[in-house]
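**Student:** Got a structure for you, questions after.
Bear in mind that the values in this text are calculations on the coordinates, not laboratory data. Remember, it's a predicted structure, so these values are computed and weren't measured experimentally. Ideal geometry is used to build each Cβ from the backbone, glycine not excepted, and the neighbour counts take in all protein chains shown.
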Amino acid sequence: MCIRDRYQRRVHGDSQVKQKSKMGRRPARCYRYASGKPWPKSRYNRGVPDPKIRIYDAGKKRATFDEFPTCIHIISDENEQISSEALEAARIAANKYLIKTCGKDGFHFRCRVHPWHVLRINKMLSCAGADRLQTGMAHAFGKPIGKVARVKIGQILFSVRVREQHQKVAVDALRRAKNKFSGRQRVVVSRKVGFSQLSHEEVEKLQEEGRLETKGDHAKAVSYTHLTLPTIYSV
């Protein structure tokens, strides 16, 4: 107990002295909507706590793009801020369900947003006589307390690619993850193959033409100018 509290206990008695306790996290509704410019961690913005989410890829990350052809996304329907705590809770919920149903090597899960924006809080004293020690909005620029991701309408939050027989399971896993977020989100099944930008028809056509270049978990089309044509010698 500090000297001020001991003095107040002697003057006012035990009933009027409130012990100072550690403040809990503010609810997400306090920081749900973006206001002002983004404020990332930098040499000017120091003392920022680490985000809760540290793992952005889970499952069989080295699987080729055609091993898991079915892809499902969570898409945001609001302009809002999502805390790193909510992202971590959603990741755990989806990852647990996918491991239970598909097996640890039966999917590839990816978080598509990163919490760069730093939140601030102007801590107020909660002890007796606080009005004499602290004056409301004077020097109200707060201290960092956490990080959030700023998302827009139509932005992808989470993606998971699975085999075709596990499509319903993956949709249910992302539905469970969606419940950890405030606001409105949609779970949609992509027309593309895995995490690539190519549809199933485009992949088949490029494979016939020999213009499909695979790059791990995605693939791309090679232009005609970059194809190595056989050399023809004139006799």
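**Student:** Just subtract the alpha-carbon distance of K52 and T101 from 0.36 nm times their residue separation and send over the number in nm, one decimal. Numbers along the way, then the final one.
**Tutor:** Details: separation 49, 0.36 × 49 = 17.64 nm, distance 2.56 nm.
Extra length available between K52 and T101 comes to 15.1 nm.
**Student:** Let me ask something else about it. Distances over 14 Å make up what percent of all Cα-Cα pairs in the range 70-144? Intermediate results must be reported in sequence, preceding the final value.
**Tutor:** Numbers: 2081 of 2775 pairs.
Taking all Cα-Cα pairs of the range 70-144, the fraction more than 14 Å apart is 75 percent.
**Student:** Now for a different question. Want the number for K152 to D172: 0.36 nm per residue separation, take away the alpha-carbon distance, what's left? Before the final figure, lay out the partial values.
**Tutor:** Details: separation 20, 0.36 × 20 = 7.20 nm, distance 2.33 nm.
Gain on stretching K152 to D172: 4.9 nm.
**Student:** For the ranges 136-142, 159-165, 30-36, what's the packing order if you count other beta-carbon atoms within 10 Å of each residue, average per peptide, and put the highest first?
**Tutor:** Numbers: 136-142: 7.9, 159-165: 19.6, 30-36: 11.9.
Listed from highest to lowest mean packing, they are 159-165, 30-36, 136-142.
**Student:** Give a quick list of GluC sites (Glu not before Pro) in the range 80-162 that DSSP marks as loop, anything other than H, G, I, E or B, with at most 10 other Cβ atoms within 10 Å.
**Tutor:** Values: sites: E80, E85, E88; in loops: none.
Counting only loop positions with at most 10 other Cβ atoms within 10 Å, none of the GluC sites (Glu not before Pro) in the range 80-162 qualifies.
**Student:** Around E78, which amide H atoms from residues at least 5 apart in sequence, or from another chain, sit under 5 Å from its own amide H, with H modelled in the peptide plane?
**Tutor:** Result for E78 returns G154, R184.
**Student:** For the range 23-95, would you read off the P(r) tail past 19 Å as a percentage of all alpha carbon pairs? Walk me through the numbers before you get to the answer.
**Tutor:** Details: 1473 of 2628 pairs.
That fraction is 56 percent.
**Student:** Let me ask you something else. At a threshold of 8 angstrom on Cα-Cα distance, excluding pairs fewer than six apart, so keeping six or more, what relative contact order does the range 157-224 reach in percent? All intermediate terms of the calculation are to be shown ahead of the outcome.
**Tutor:** On the way: 48 pairs, mean separation 14.7, N = 68.
It comes to 22 percent, rounded to a whole number.
**Student:** Let me ask something additional. Can you work out the FRET efficiency for the pair C30 and R184, with r the C-beta to C-beta distance and R0 = 25 Å, to the nearest 0.05?
**Tutor:** Result of the calculation: an efficiency of 0.85.
**Student:** Could you tell me the largest-minus-smallest coordinate of the C-alpha atoms of the range 132-206 on each of the three principal axes, in descending order and whole angstroms?
**Tutor:** 74, 27, 17
**Student:** Next question, about the same structure. Apply the Karplus curve 6.51 cos²θ - 1.76 cosθ + 1.60, θ = phi - 60°, to the phi angles in the range 46-57 and return the couplings in whole Hz, x for Gly and Pro.
**Tutor:** The phi angles translate into 10, x, 8, x, 5, x, 5, 7, 10, 10, 10, 10 Hz.
**Student:** Can you list the HN-Hα couplings for the range 32-38, worked out from phi with the Karplus curve (6.51, -1.76, 1.60; θ = phi - 60°), rounded to whole Hz and with x for Gly and Pro?
**Tutor:** Working through the residues one at a time gives 5, 9, 6, 9, x, 7, x Hz.
**Student:** In debye, nearest 20: dipole of the range 54-161 around its Cα centre with unit charges on the Cβ of K, R (+) and D, E (-)? It would help to have the intermediate numbers written out before the result.
**Tutor:** On the way: 18 positive and 10 negative charges, 74 e Å.
The dipole of the range 54-161 has a size of about 360 debye.
**Student:** Related question: Given H placed on each backbone N at 1.01 Å, which residues far from G146 in sequence or on other chains put an amide H within less than 5 Å of it?
**Tutor:** Long-range HN contacts for G146: L119.
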